[in-house]
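**Student:** Got a structure for you, questions after.
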Amino acid sequence: MESSWEEVEARELRRRHADWDFIKRLPPRLRAALIYYIETGDLRRAQWISGLDLDHFRDLMRRARIPVVN
């Protein structure tokens, strides 16, 4: 499936602003969830992967400096 220009731009913003050192130090499940979010922008599925409730997952995203791009 081909990505739209907006999806590609949003993914690049998330990749560029993410604190990769912080993300790499996380347990595998949380790291996988954040990487999934960075690559897809699918907040609900990434939150489900993490096993955290939405508020805690959004807090984790803030600590990882991942922007929410709509």
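The values are calculated or read from the model by the stated rules, or taken from the named source; none is laboratory data. Since the model is a prediction, treat every value here as computed from it, not as a measurement. Cβ atoms come from the backbone with ideal geometry, glycine included; neighbour counts cover every protein chain shown.
**Student:** Output the residues belonging to segment 52-70 that are closer than 17 Å to Arg29 by Cα, touching a residue at least 24 places away in the same chain (Cβ under 8 Å) and basic (Lys, Arg).
**Tutor:** Arg63
**Student:** Got a number for residues in segment 1-56 being of a type in the set (A, V, I, L, M), in a helix (DSSP H, G or I), out of contact with any Phe, Trp or Tyr (no Cβ under 8 Å at 6 or more places or on another chain) and closer than 15 Å to Val69 by Cβ?
**Tutor:** Matching residues across segment 1-56 total 5.
**Student:** Let me ask you something else. Return yes when Arg65 is within 12 Å of the chain's Cα centre (by Cα), at pLDDT 95 or above and assigned to a helix (DSSP H, G or I) and no when it is not. Give the steps one after another, and end with the answer.
**Tutor:** On the way: within 12 Å of the chain's Cα centre (by Cα): yes; at pLDDT 95 or above: yes; assigned to a helix (DSSP H, G or I): no.
Criteria not met by Arg65.
**Student:** May I pose another question? Would you check if Arg45 is free of Cβ contacts under 8 Å to residues at least 12 places away in the same chain and surrounded by 13 or more Cβ atoms within 10 Å (Cβ to Cβ)? Walk me through it before giving the result.
**Tutor:** Numbers: free of Cβ contacts under 8 Å to residues at least 12 places away in the same chain: yes; surrounded by 13 or more Cβ atoms within 10 Å (Cβ to Cβ): yes.
So Arg45 fits the description; yes.
**Student:** Any chance you could count how many residues in segment 13-34 are without any contact (Cβ under 8 Å) to a residue 40 or more places away in the chain and surrounded by fewer than 18 Cβ atoms within 10 Å (Cβ to Cβ)? Can you show your working first?
**Tutor:** To start, the set of residues in segment 13-34 that are without any contact (Cβ under 8 Å) to a residue 40 or more places away in the chain comprises 15-16, 20-21, 24-34.
Within this subset, residues satisfying the condition of being surrounded by fewer than 18 Cβ atoms within 10 Å (Cβ to Cβ) are 15-16, 20-21, 24-29, 31-32.
Total meeting the criteria: 12.
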